[in-house]
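Here's the structure, in structure tokens; my notes come after.
The values are calculated or read from the model by the stated rules, or taken from the named source; none is laboratory data. In this text, all values refer to a predicted model and were calculated from it rather than measured experimentally. Quick reminder, even Gly has a Cβ in these numbers, built from the backbone with ideal geometry, and neighbours come from all protein chains shown. What goes into the accessible areas is simple: the full protein's heavy atoms, side chains included, and nothing from ligands, DNA or RNA. Shrake-Rupley method; radii C 1.70, N 1.55, O 1.52, S 1.80 Å.
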Amino acid sequence: MNIEHFLTNAAPSWMIVDAQQTDIVMSTRIRLARNLADLKFPISFSEQEAKLVNDKVMQALLSLNEEQLHFSYFTIKDMPILQRQILVEKHLISPYLAKNEKVASVFLTDNEAMSVMVNEEDHIRIQCLAPGMQIEEAYEAASRIDSYLRRKIPYAYHERYGYLTSCPTNVGTGLRASVMMHLPALTMSKQMNALIQMMTRLGMVVRGIYGEGSENLGNVYQISNQITLGKSEADILEELRNVVERIIQRERLARKQLLEQAPLVLEDRLSRSLGTLKFARILTSEEAATCLSNVRLGVDLGLIEEISQNRLNECMLLIQPGFIQQYAGTTLQPAERDMYRAKLMQGKLQTQERNETPDTGEKGEEPYDV
């Protein structure tokens, strides 16, 4: 696949709703950090060593003979800034890798469920994305790539400490398992601060939509394990599942209480958000994300007529600055992006309405025409 495939597709497989609890758990991500034996870590290696790592991984992955695991290869420094930004917005590469101007690359499967980042913070970062809560399934998929690479490339591994990594917080399993959760009711009822403190005590961490250092956008949070040393992979996955199930229960209870305490006020607030998305002429990404979160909640509670979760997921991607400029086909200033974003949201939601009306024989709008 060429890079255009990954830049223009606003509906990657891991955002297509076909899994459990997708009204609250939007997606699952597994990340494995690995380094090659007998080479310095990226923070101190030479350009020659970086190229050696890149060549070894490329030779292994591009010779992988499995139909569903066909990888496309892209070097980071050859990508324009906007293309890197879009891949970050799609969670296919990390913000850290996007800033790398040296020998760094990414391998992507056609369906965008798997990516392998090379010379990020570690030599290799294997990532698997899946829709809904599929913690064990995503780990199994990432493990298959990990096992294949381990047979081809010797890893840096210590019998006592496990996998050795650039950052001590990843030593051991090198496993970071996370779920992206939509928690509007817990946010509205001001329970998130207490929840975040409780997560820390349970060995979990709550981050924003793009992971470490990012802000909460549209009431979307990433919950992940904090500890990678001294626990098995199975224990880490089970603990995350248990925590996520408890958060789901609390979010469902908070939604029920909101609905019981002030149903008309809630319906008014969520409906106003739908009106804003349909008719506003200017939309910042923050306002658009908040409105989309409210509309998603309204659909889940049956207060707003059906809008598919796939369409709402697509809109969450499209409101990002990189995607806005990709659709516009040119660089836009922030104020211009806000106007284009409003126009784009109107088009997407009106397309949804037209698709739901009986077929009159007239041709509908193409999904990606703007």
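For the chain, what is the accessible area per residue in Å², given a 1.4 Å probe and the full set of protein chains? Before the final figure, lay out each step's value.
Details: 17380 Å² over 370 residues.
Each residue of the chain exposes 47 Å² on average to a 1.4 Å probe.
Rg over Rh of the stretch 1-111, using C-alpha atoms and the Kirkwood radius, what does it come to?
Numbers: Rg = 15.6 Å, Rh = 15.8 Å.
Taking Rg over the Kirkwood Rh, I get 0.99.
Using just the Cα positions, wrap the stretch 49-190 in a convex hull and report its mean projected area in square nanometres, one decimal place.
Values: hull surface 42.3 nm².
Its average projected convex-hull area is 10.6 nm².
How do the peptides 331-342, 166-177, 149-160 rank, highest first, by the average count of neighbouring beta carbon atoms within 10 Å per residue?
Per-residue Cβ counts within 10 Å, averaged per peptide and sorted highest first, yield 166-177, 331-342, 149-160.
Assuming R0 = 56 Å, what is the FRET efficiency of GLN48 and LEU202, from their Cβ-Cβ distance, to the nearest 0.05? Mind dumping the intermediate values first?
Working: r = 44 Å, r/R0 = 0.78.
Rounded to the nearest 0.05, the efficiency is 0.80.
At q = 0.11, 0.14, 0.16 Å⁻¹, work out log10 I(q)/I(0) for the stretch 106-255 with the Debye formula, treating every Cα as an identical point scatterer and leaving solvent out; two decimals please.
Values returned for q = 0.11, 0.14, 0.16 Å⁻¹ are -0.46, -0.74, -0.95.
For the chain, what is the mean residue ellipticity at 222 nm derived from helices alone (per DSSP H run of n ≥ 4: -39500 (n - 2.57); sum divided by total residues; nearest 500 deg cm²/dmol)? Could you put the intermediate results ahead of the total?
Values: 13 runs with 170 residues, N = 370.
That calculation yields -14500 deg cm²/dmol at 222 nm.
Over the chain, with every protein chain in place, what whole percent of the accessible area is carbon and sulfur at 1.4 Å, could you tell me?
Numbers: 8720 of 17380 Å².
Answer for the chain is 50 percent, counting heavy atoms of protein chains only.
Averaged over every viewing direction, what's the projected area of the C-alpha convex hull for the chain? Give it in nm², one decimal, please. Please list the in-between numbers first.
Working: hull surface 77.8 nm².
Answer in nm², one decimal: 19.4.
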